[in-house]
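Please treat every number below as a calculation from the coordinates, not as lab data. This is a predicted model, so every value here is computed, not measured. For neighbour counting, all protein chains shown are included, and Cβ atoms are generated from backbone atoms with ideal geometry for every residue, glycine included.
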Amino acid sequence: MRPAFSSTKAATAFALLLLGILLLPVVLRGRLLPPARENYLLQGWDTTGDQPWLYRQIFEETNDIDLAFVGSSRIWMDIDTVYVQQALSRHLGRPAVVRTIAWGGAGYDAFYFALRDLLQHRRVGMLVFNDECQAFNLPNPYARRWFRFGESGADLAGFPLRLQLDYYFAAILGLPRNLLAQVRPNLPCTLTPADLARLEQTYFCSYPGARLGSLALQQGFSRSPVFQADHPPFESFTPVTGARSSDAVVYSAIARDQFQFSGLAPMPPWQTHFAQKFSALATEKSARLVQLYLPDLAEAGLPFIREREFWPDTLRASVTLVGIPPQKLFAGLTDAEIHKLFAEPFHLNQNGQEYFTRLITPALIDLYDQAH
């Protein structure tokens, strides 16, 4: 069998080349890397067009945000941001600024880094989020797009070595795109009408930028992931129930029996680490934190709100917990009618988004008033 290297000198040269590549994340930092905004431009818009929206909201818009919904796909798809902005504007007697800053893929690591960029550029009065703990004990699969070791390596202090290596190698995978951006900066994305039509047709939703960042899914219920073509056709449905906006509850000593802090797997320590970093950052920037319970098909019959953690303790911050107990939210609906509100077990479709948003918005406005 032919040897891998023709000589010891060739093998040594290869080893040095490999070592140089492995050390690049440590060596390349500061001016040797493109600005952080390039992380958003290089991600493209080939799924739902969310990246152009995120880039504009984080790096181009400069006005204060009254209320921001921040997080992954559940916040993205469960809240009708346009409705909330209209309701808050009427309440305040002035144009309110409400935005959804969201993306696909859960995890408090991505959440922290996106929030850090947002709060460096804009002031947020109230920040509403959901339980962002992911189901698998690994870094966000898109970490190669936004984690740069030279800038953020200190954020990993105290992590187990395996997790630090996961992020380190994610930074290596992202380096070619980062270095290319130094030679040829990425251009801001301009979506043509044909692009928008393709997005809506392919992903069964309207462009988030036309809905202040929220995404309304026009898909019938299926247990397969969202955006897949095997979902039944979407049918508009307005549920008639006994649910009222007054059914929303805010955690307090009086309302503690309407919450349960068990039954879900606790967060891994490294997720808790990033969750605490995000809450400390939001507190430093004077943003009120509101943890919003979002409906889950498997919990539709529960008389209480189930949370993974008691968030004020876990986040070591002042966090307000709010939600609607599922049994009250879906009161009077058959199983078939409840399914008409979901695209899959964890994401509401447009029917569910409109229904849930109209019920929870008054409670969110009350919390905004308390903070201002």
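The table below gives the values:
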item	result
J(HN,Hα) series, segment 281-293, from Karplus relation 6.51 cos²θ - 1.76 cosθ + 1.60, nearest Hz, glycine and proline x	5, 4, 5, 4, 8, 6, 9, 6, 9, 10, 9, 9, 6
Projected label distance in nm at A280 and R198, using a 7 Å step from Cα toward the beta-carbon	4.4 nm
Alpha-carbon spread of segment 28-158, three principal axes, descending order, Å	50, 35, 33
Cβ crowding within 10 Å averaged over residues, with 98-105, 289-296 ranked highest first	98-105, 289-296
Estimated FRET transfer efficiency when R0 is 30 angstrom, pair R90-T334 (beta carbons, to 0.05)	0.30
5 angstrom amide H check on G105, placed H, neighbours 5+ away	S73
Fewest-first ranking of D335, D195, using other Cβ atoms within 10 Å as the exposure measure	D335, D195
Convex hull per residue volume in Å³, alpha carbons only, for segment 310-372	113 Å³
Per-residue HN-Hα couplings for segment 70-78 [Karplus 6.51, -1.76, 1.60; θ = phi - 60°; Hz; x = Gly/Pro]	10, x, 8, 5, 6, 4, 4, 9, 9
Per-bin percent of Cα-Cα distances, segment 186-288 [5 Å]	2, 8, 9, 9, 12, 16, 17, 15, 7, 2, 1
Simple spin-label estimate for R308 and Q370 in nanometres, 7 Å along Cα-Cβ	2.4 nm
Least to most buried among V183, V82 (fewest other Cβ within 10 Å first)	V183, V82
3J(HN,Hα) from dihedral phi, segment 244-253, Karplus parametrisation 6.51/-1.76/1.60, rounded to Hz, x for glycine, proline	10, 4, 5, 6, 5, 10, 10, 4, 7, 4
Net charge dipole size for the chain [Lys, Arg +1 and Asp, Glu -1 on Cβ; Debye, nearest 20]	1280 debye
The chain: angle of helix 81-92 to the longest principal axis, Cα-based, in degrees nearest 10	60 degrees
Relative packing of 278-287, 132-141, which averages over residues the other C-beta atoms within 10 Å, highest first	278-287, 132-141
Relative contact order, percent, the chain [alpha-carbon distance under 8 Å, six or more residues apart]	22 percent
Modelled FRET efficiency - R0 41 Å, A13 with A135, Cβ distances, 0.05 increments	0.40
Hydrodynamic radius by Kirkwood, which averages 1/r over all alpha carbon pairs of segment 245-323, in angstrom	13.6 Å
Degrees separating the helix 8-27 axis from the principal Cα axis of the chain, which is the longest one	40 degrees
Cβ-based exposure ranking for H372, H273, in which fewest neighbours within 10 Å come first	H372, H273
Spin-label model distance (nm) - T62 vs S252, 7 Å beyond Cα toward Cβ	4.1 nm
Amide proton proximity set for I305, modelled H, under 5 Å, gap of 5+	F259, Q260
Cα convex hull volume per residue for the chain (Å³)	183 Å³
Angle in degrees between helix 193-203 and the longest Cα principal axis of the chain, rounded to the nearest 10	80 degrees
Amide proton proximity set for L321, modelled H, under 5 Å, gap of 5+	Y251, Q291
